[in-house]
Amino acid sequence: MLELNHGFRVVDLHARLEPGDEEEVATRGRETTPEALERELHQAGVVRAVVSPSSGSAPAGQGYLQANNAVARLSVDRPFLAFARVDGPRDPSSRASARLRNLAASREQHHASPDDIEQYAYDDRFHGFTLAPAEDGLPDEETLDRLEDVGLPLVVNGGQSFPPSAAAETLLDRDLPIVLGGFGGYPLDRDLMMDAMDLLGQYDQLYLDTRSVRFRDVLERALLEHPDRVLFGSGAPEIHPSVGVMEILTLDVSEDAMRRAFSANPSRIVPGLAPGET
């Protein structure tokens, strides 16, 4: 794919880095080596990207410690900022049976603990956290308390299995920046995306990233009504970052709104993405 020449400084808040070796990567579908990801970001004109471990990168019952450390190691001397992926024992669904189970749920050894959060937060290799409740469960209250204490941004992979309403019920009252990936509506659920935008008026620490948001009117509405709360996220490597960049460039919004989404907004909540940071 040809390199884009768009004149914007672009940083990416939502990319994935496969922590396995090249042989393992080759068996998992699209190539996701650090070199390939760096090349694709360069082609899209993206200067820095937040990366975290992919789904399935941690064997069942082992947690993400090894995968997080591998992603941090692979980010060295590359334009990547590592986010630690965390998990938990609680069922994120709204079913009554899940709520009953959660009353008795206890953290197992492989789940992220408050001490793990503390270690990640003060390890200069990590700049924030990611959470995929539908796949990895929700942390317990003690661990969420520690996430709030350290105050680093938390990117949440929501969607139909963990809609914005569930995020509001379990996470959004916390005093830390929370980013709902894909406007909280992945895959392509317009109603959920609208629900997420409505929540922006209620929660000052809530942000939305643009990963896999394919509705032009939804993107334009968000950038017009909430220009400080929209962050560019490509969803690479599943989606070539050039695709995400072009979707923003073709919107009927001002260059200032684009500039905020591409750089100013993500740099505000992740200082390592700001110009001049290395």
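Listing for the model above:
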item: Candidate set from the stretch 263-276 (those that are in contact with a helix residue (DSSP H, G or I) (Cβ under 7 Å, 6 or more places away or on another chain) and in contact (Cβ under 8 Å) with a residue 24 or more places away in the chain); member that is nearest to Val155 (Cα to Cα); result: Pro266
item: Tabulated pairs, the stretch 63-88, first more than 19 Å from Gly233 (Cα to Cα), second modelled with pLDDT under 95 and among the basic types (Lys, Arg), C-beta under 8 angstrom, 6+ apart or interchain; result: Gly88/Arg107
item: Sole exception among (1) free of Cβ contacts under 8 Å to residues at least 60 places away in the same chain; (2) crowded, with 21+ Cβ neighbours inside 10 Å for Gly201, by number; result: (2)
item: Residue check for Gly235: crowded, with 22+ Cβ neighbours inside 10 Å and on the phi > 0 side of the Ramachandran plot; result: yes
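The values are calculated or read from the model by the stated rules, or taken from the named source; none is laboratory data. Just so it is clear, the structure is predicted and the values come from calculations on it, not from any experiment. With ideal geometry, Cβ positions are generated from the backbone for all residues, glycine too; neighbour counts draw on all protein chains shown.
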